[in-house]
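Comments concern the structure below.
The values are calculated or read from the model by the stated rules, or taken from the named source; none is laboratory data. Predicted model, so just to flag it, every value in this text is computed and none were measured. Because the Cβ atoms are built from the backbone with ideal geometry, glycine has one as well, and the counts that use them run over all protein chains shown. Protein only, heavy atoms only, side chains kept; ligands, DNA and RNA dropped before computing areas. Shrake-Rupley method; radii C 1.70, N 1.55, O 1.52, S 1.80 Å.
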Amino acid sequence: MTHRFLLESREIYSFMNPMLVICPSCGGQADVWEKNDEVRLSCLHCGHLQMMESGTKYVGEPIDVHFGLPLFLQTGCCGHVLWAYNREHLNYIKDYIEAKIRTSEGTNRSLESRLPAWMKRKQNRKEVLRAIEKLELMIEGSTA
């Protein structure tokens, strides 16, 4: 059976809670959560805690949109950087890349329409999936 991607037309903002980032204190994985116009950075490894008010979000780079910290889930791939905010975001990208059939009725703001062309190319599929696997292992390693 051919793997088909069922288009959900989700916007990238729907994947931003939490964002997994590199802790500015210990270099481990920290979480950034936004709730009720408050943003909280917390690290379970070293106990680092930081809070701020929510503000304007600029997306599209491998950094969190609040503190400007590098995302924990990022790796080189096909001469670019493959990144995800969290496991759910990574799984959504993986489902899209794995699919042999992809519907294209998504809105211009949907995550699928905003994925870079290099990531969607058939000839890059295996390398992109290897990079996603590497990021999945990073998640597993950080929770051990």
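Conditions tested, residue by residue: (1) open to solvent by 60 Å² or more (accessible area, probe 1.4 Å); (2) farther than 23 Å from PRO18 by Cβ; (3) of a type outside the set (Ser, Thr, Tyr).
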| position | (1), (2), (3) |
| --- | --- |
| LEU44 | yes, no, yes |
| THR56 | yes, no, no |
| GLY68 | no, no, yes |
| PHE72 | no, no, yes |
| THR75 | no, no, no |
| TYR85 | no, no, no |
| LYS94 | no, no, yes |
| LEU111 | no, no, yes |
| VAL128 | no, yes, yes |
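Among the residues making up the range 117-126, those that are in a helix (DSSP H, G or I) and surrounded by 12 or more Cβ atoms within 10 Å (Cβ to Cβ) are TRP118, MET119, LYS120, ASN124, ARG125.
Of all the numbered requirements in (1) touching a strand residue (DSSP E or B) at 6+ places or on another chain (Cβ under 7 Å); (2) open to solvent by 50 Å² or more (accessible area, probe 1.4 Å), GLU98 misses one, and that requirement is (1).
I want to confirm something. Restricting to the range 3-21 and keeping residues that are within 17 Å of the chain's Cα centre (by Cα) and open to solvent by 60 Å² or more (accessible area, probe 1.4 Å), which single residue is modelled with the highest pLDDT?
It comes out as ASN17.
Residues of the range 50-103 that are among the basic types (Lys, Arg) and touching a Ser or Thr at 6+ places or on another chain (Cβ under 8 Å): LYS100 alone.
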